[in-house]
Amino acid sequence: MDPALLRERELFKKRALSTPVVEKRPATSDSVSHKKKKPRIEKEGSSGSKQSAESSNGSFNIKTSSGYKFGCLAKIVNYMKTRHQNGDTHFLTLEEILDETKLLDISMKQKQWLMTEALVSNPKIDVRDSTYGFKPKYNLKDKKALLRLLDKHDQLGLGGVLLDEVEEGLPNSARAIKALGDQITFVTRPDKKKILFYNDKHCQFLVDEEFQKLWRSVPVDSMDEEKIEEYLKRQGITSMQESGPKKVLPVQKRKKQAGQRKRHFKTHNNHLAGVLEDYADGVPVKK
């Protein structure tokens, strides 16, 4: 044989041994089942994404839920409050309200629920002949009505009125409060809520400085009402409670005696005491 061919043959063997070979294994049943299940998972994922997309776009299921219904009710009440504060106090029909609040896509069932249950029973909605308006706690028309309300609370000792309740019931309340000026005064509670009080100028008077010093020098922080009343009595000062009408104590009923009295019975035929005989032990035998 040609020695050149033998050299080429040896070189071919060396190259074949140096080159790695990867064998393709036959597919098993597990891998086949895994490949078959994979498209199903993708389908489920795609359907879930479709459902999430539908829910984000506002599907039928969300619109019929109770949360959506009460959300519509809250939107209507807030709108009625805002328009009342702006001075629009005339009543509206349900269709007009839905048009103003852009809730025209609600179902007939939800409209029926609003008319028969939600708006009728809501404490902030007033119903008149199938029309609806806002119902504040204090229905005030102008600044004079506000001043009369604060004066009445002051005379009856009811204190002040919350600023939130005034703003709720008085159209353009900020302008009215500003116009009243020093006729009203503000007090801020610990919870940061403001209260309006009537500023009665007839009660403004000067107090002598010496009297103020004496008033502040008496410590009463550690004394309750009973101790203060006892102190005033010792000093010969009558408290305001004694100057008022005295309480009438109820009349106590007499207790019945524990032992009952012996009843005396009237006897008859005393004039025949020696004549009558006693037959309780039987008839006596004659001798």
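Here is how the numbers come out for the structure above:
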item	result
Accessible area of MET115 in the full protein assembly, 1.4 Å probe (Å², nearest 10)	80 Å²
Most to least accessible of ARG189, ARG175, ARG128 (protein chains only, probe 1.4 Å)	ARG175, ARG128, ARG189
Extension gain from LEU180 to LEU232, taking 0.36 nm per residue of separation minus the Cα-Cα distance	14.5 nm
Using a Förster distance of 22 Å, the FRET efficiency for VAL127-LYS75 (Cβ separation, nearest 0.05)	0.75
Full-extension gain in nm, GLN212 to THR89, via 0.36 nm per residue minus C-alpha separation	39.3 nm
FRET efficiency, 1/(1 + (r/R0)^6) with R0 45 Å, evaluated for ARG148 and GLN112 via beta carbons	0.60
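The values are calculated or read from the model by the stated rules, or taken from the named source; none is laboratory data. Please read all numbers here as calculations on a predicted model, not as lab measurements. Note that each Cβ is placed from the backbone with ideal geometry, even for glycine, and that neighbours are counted across all protein chains shown. Note: accessible area is taken over every heavy atom of the protein model, side chains too, but ligands, DNA and RNA are not part of it. Shrake-Rupley method; radii C 1.70, N 1.55, O 1.52, S 1.80 Å.
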